[in-house]
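The structure appears below as structure tokens.
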Amino acid sequence: MTASLLSQQCRHTFRQSAAALLISGLSMLSAQAAERTFFEAPADNAEVSSPFKVKFGLEGMKIAPLGDMTEKTGHHHLIIDGAALASGNPVPFDEKHMHFGKGQTEVELSLPPGKHTLTLQFGNGAHQSYGPGMSKTISVTVLPTAK
Ligand SMILES: [Cu+2]
């Protein structure tokens with residue numbers, strides 16, 4: 001009788017600490033996920049008519065002026081039909097890589113009809129990528145323009 005009561009208490013304590021572990025694990029995960037960039041618009045796989053508005057979302061980092069090298073600050077880049085850049089790599093200056101060095105958080109974008117990928121890439125004050133962890137890629141289909 002005493003033994004079984006003891007083992008019940010043990011199991012209870014074990015369950016409590018397992019729950020506590022799970023909760024602390026979850027809050028660690030959410031702390032890591034707090035730094036991210038994402039599209040507020042359009043939605044992934046959206047069908048859009050050109051021109052369309054693209055809105056950039058940012059969490060856990062801050063927009064800063066060009067040249068400001070404060071940790072966890074920088075500006076958005078929009079990569080058209082390209083890929084995220086490895087951490088530290090400079091974001092090129094060409095027609096496929098748009099820089100928003102004035103701290104803009106949206107753009108009116110014109111693209112030819114068809115399927116495109118849009119990649120948001122956050123980068124520091126020297127246009128260096130914060131890596132794929134600070135990027136987000138979506139697909140959009142640009143509808144043919146009505147004539
Ligand atoms: Cu840049």
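The values are calculated or read from the model by the stated rules, or taken from the named source; none is laboratory data. Keep in mind that what you see is a predicted model, and the values were worked out from it rather than measured. Reconstructed Cβ throughout: ideal geometry from the backbone, glycine too, with neighbour counts over all protein chains shown.
Residue by residue through the range 99-120, note down the ones that are within 9 Å of the ligand (Cβ to nearest atom) and either loosely packed, with under 13 Cβ neighbours inside 10 Å or in a strand (DSSP E or B) (or both). Lay out the reasoning, then the answer.
Kept after step one, since they are within 9 Å of the ligand (Cβ to nearest atom), are these residues of the range 99-120: 99-101.
Within the range 99-120, just H99 meets the criteria.
Report yes if G74 is farther than 16 Å from R36 by Cα and either in a strand (DSSP E or B) or in contact (Cβ under 8 Å) with a residue 12 or more places away in the chain (or both), otherwise no. Steps first, please.
Details: farther than 16 Å from R36 by Cα: no; either in a strand (DSSP E or B) or in contact (Cβ under 8 Å) with a residue 12 or more places away in the chain (or both): yes.
For G74, the condition - farther than 16 Å from R36 by Cα and either in a strand (DSSP E or B) or in contact (Cβ under 8 Å) with a residue 12 or more places away in the chain (or both) - is not met.
Could you grab me the full set of residues in the range 32-76 that are modelled with pLDDT of 95 or more, aliphatic (A, V, I, L, M) and more than 18 Å from F100 (Cα to Cα)?
A43, A46, V48
Give the residues of the range 128-137 that are in contact (Cβ under 8 Å) with a residue 60 or more places away in the chain and either farther than 15 Å from V54 by Cβ or within 10 Å of the ligand (Cβ to nearest atom) (or both), sorted by residue number. Explain how you work it out, then say what you get.
Initial filter on the range 128-137 (in contact (Cβ under 8 Å) with a residue 60 or more places away in the chain): 130, 133-136.
Listed by number, the residues that qualify are Y130, G133, M134.
Being part of a strand (DSSP E or B) and within 14 Å of the ligand (Cβ to nearest atom) is the filter; apply it to the range 77-98 and report the residue that is surrounded by the most Cβ atoms within 10 Å (Cβ to Cβ).
H77
What is the one condition in (1) at negative phi; (2) exposed (fewer than 12 other Cβ atoms within 10 Å of the Cβ) that G57 does not satisfy?
The failed condition is (2).
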